[in-house]
1. When every alpha-carbon pair in the range 1-153 is counted, what percent end up more than 20 Å apart?
2. Report the Rg/Rh value for the range 67-191, based on alpha-carbon coordinates and the Kirkwood definition of Rh.
3. Show me the three semi-axes of the equivalent ellipsoid for the chain, from the C-alpha gyration tensor (sqrt of 5 times each eigenvalue), largest first, rounded to whole Å.
4. Just grab the label-to-label distance for residue 388 and residue 35, each label 7 Å out from Cα along the Cβ direction, in nm (one decimal).
5. What lysines sit close enough to residue 188 to cross-link, taking a C-alpha to C-alpha distance under 28 Å and skipping anything fewer than 8 places away on the same chain?
6. Using only Cα atoms and rounding to the nearest 10 degrees, what angle (0 to 90) does helix 307-318 make with the longest principal axis of the chain?
7. Residue 161 to residue 213: FRET efficiency via 1/(1 + (r/R0)^6), r the Cβ-Cβ distance, R0 30 Å, to the nearest 0.05?
8. Efficiency by 1/(1 + (r/R0)^6): what FRET value for residue 84 and residue 332, r their Cβ-Cβ distance, R0 = 60 Å, to the nearest 0.05?
Amino acid sequence: MPTKQLVLGAFEEFTPNFIGNSWHHERGDTAAFATLEFWTDMVTKLDAAGFDFFFMAEAIGYPMNDAGEVPEAVIREAVQFPVHDPLTIMSALAAATPRIGFVATASTTAQQPLLNARTFTTLDHLTGGRIGWNIVTSDNQQALVRLLGRTQVTPHDERYAAATEFVDLDLELWEGAWEDDAVRADKKNKVFADPSKVHRIRRDGTYFTFDGYFPATPSPQRTPTLFQAGTSEAGTTFAAQYAECVFTQDRNAARLAAGIARLRQKAVDAGRPASSIKVVNGASFIIADTEEEAQRLRAELNSTATREATAALFLGWSGVDLAQLDPEATLDDVSTEVGHTMLAMWRNPDGTSPTIGEILDSLPSTFGGMKFTGTVTSVADQVEAFVAETDVDGFLVENWYGGIEGYTEFTDQLMPELRRRGLLPETPRTGTLREMLTDADGPRLPDWHPAARYRR
């Protein structure tokens, strides 16, 4: 069997801190995070190194409990606060880089379908077809209720029902509102677009209505490359229907393998090829000259964040305030309308789930995805074995330190070794984001995708 060539993304957020709340580590350098220069420097170097895409997460809300209380550590230690707008920076980064793709997160809970569709069409034009949409229903739901004027947290599965309607409307706007030859730009006859080939879209749905024309011309991909993150039952059903790339964040190879197999089977059941969904798993990499030094550096990194900060992160991502639970209990009987995926990672079918106290003690070492630690050779061995066991298609590299320094060992040491083993292409991929990341023959969604039914 030929070696699978992995796709690589860089996992960031427009904030001084992201996954590990370790912005204050000596290797962290995020003081200038709010500037264009900070991100341009990072993305330029990632592009040159051969990364396929740059992925910006989003956090409109921030950790807040059911009573509306925000832990003091959120503000004091920059726990998903502040977070700036990721969509606004994408076109500037694309202008500075010739090849790398861009994935931006936008929430179906916080956005409106028309504005979202227009934004991504605009970005697809400005990036030359290098934009992707990471579809989320949003964590931090308690904060969003208060920040967006909602009356209550929408139940988890209902959020996915609304997301399905949201995405389906956007797909019709992207694929069905303009025919391929609608734009004529005919100066002589003063016809910019043929009215007979620009179609009025009407929707009267449960969650969204629309009646009008889509005011944005078709872009290179038409529909941005579609990402989705979430491994709940509702999340995987949604992904099997719409997603081209699925982001996971699992540390257990057997569990991830089962999840990928289940997702691919759901895709087949939905009338899609099993290979039509690419799965990228979050992963952090600590590389040193010796195994002992690498383990020391990993332990040092794990101890950087305070207990208050990590507890606040867990609250934001899961909706569960561990500080209010019995330390001897487990999460097996805890329910939430926010972070089904996060809770699932702490529930083991064999009944060995950790206690609340054990979770609190281990949080700094468990946030994020897979932890690869060791020498260049041993980490490459770990990656190779993980890919073989799970059938994962690539990784979102988690930069725990913040700033370009956090990628140095990965780009300068590990990537050449992965190329030598055939796990990365010798020459970086090019084309639209869809062409780089999927098996699509061109920039457009394949005919098997449900969006194809809207084409005229």
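We did not get these values from a lab; they are worked out from the coordinates using the rules stated. Predicted model only: the values in this text are computed from it and were never measured. Note that we place each Cβ from the backbone using ideal geometry, even for glycine, and neighbour counts take in every protein chain shown.
1. The calculated P(r) of the range 1-153 puts 55 percent of pairs beyond 20 Å.
2. Here the Rg-to-Rh quotient is 1.07.
3. Semi-axis lengths for the chain are 35, 26, 22 Å.
4. The answer from the label model is 4.7 nm.
5. Those lysines meeting the cut-off are 197.
6. 30 degrees
7. 0.65
8. In this case the efficiency is close to 0.95.
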